[in-house]
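Shown next, in structure tokens, is the structure this report addresses.
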Amino acid sequence: MKAALELYGERGFEQTTVAQIAERAGLTERTFFRHFADKREVLFAGADVLQERMVSAAADAPAGTTPIEAAAAGIEAAGTLIQEGGGLPRQRQSIIAASVELQERELIKLASLAARLAEVLRGRGVSEPEASLAAEAALAAFKIGFDRWVSSDGGRDLPQVIRDSLDALKAVSAGQA
């Protein structure tokens, strides 16, 4: 993964081959493919762990928690996990931002996260369209918060930046902004 990120940063995603990644990492291409389906998956390898953290936190929110607050618990937990990645999330995001193909893949990942979060909310007894609206709104706040965090100097806590984005969304929804 480190070799791939270095090469993507140096040459660009499109110009980097699996053979180059394997060579830089001191592996064979076959070994690379044992870990990743293709070179895109290096950037999205932790999506299942992120999703599990998010849905677990939302599912475990206290009874009586509003749908948006349960969703907020999920996205904040995801933010904590991302922040633990140190500089890698910022490096990953700069690579994704430079490639339309990767941006598309990132949007698919976010849509999948929103669908799973809505599923969790329905499991908590939230009906439609409220479950989907809360999940989509929370993911929008997550995306905006993450983008703000990535473009900052790194001194701010990602879960707090996500909470600030969610608070801004709530204020806009209430007509206070």
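Taken together, the values in this text are just the output of simple stated rules run on the coordinates, not laboratory data. Predicted model only: the values in this text are computed from it and were never measured. Reconstructed Cβ throughout: ideal geometry from the backbone, glycine too, with neighbour counts over all protein chains shown.
A few comments on the model shown:
Every residue, every condition in (1) under 20 Å from the mean Cα position of the chain (by Cα); (2) farther than 19 Å from Gly86 by Cβ, yes or no:
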| site | (1), (2) |
| --- | --- |
| Tyr8 | yes, no |
| Phe13 | yes, yes |
| Ala19 | no, yes |
| Ala22 | no, yes |
| Ala25 | no, yes |
| Glu29 | no, yes |
| Asp38 | yes, yes |
| Phe44 | yes, no |
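- Test: residue in the stretch 121-128 that is without any contact (Cβ under 8 Å) to a residue 40 or more places away in the chain and under 17 Å from the mean Cα position of the chain (by Cα): no
- Test set (1) surrounded by 15 or more Cβ atoms within 10 Å (Cβ to Cβ); (2) assigned to a helix (DSSP H, G or I) - Glu10 fails condition number: (1)
- Candidates Lys170, Lys143 - the one that is within 20 Å of Val55 (Cβ to Cβ) and not in a loop (DSSP other than H, G, I, E, B): Lys143
- Some residue of the stretch 91-105 being out of contact with any Ser or Thr (no Cβ under 8 Å at 6 or more places or on another chain), assigned to a loop (DSSP other than H, G, I, E, B) and within 27 Å of Glu14 (Cβ to Cβ): yes
- Within the set Leu121, Leu110, the sole residue that is surrounded by 19 or more Cβ atoms within 10 Å (Cβ to Cβ) and assigned to a helix (DSSP H, G or I) turns out to be Leu121.
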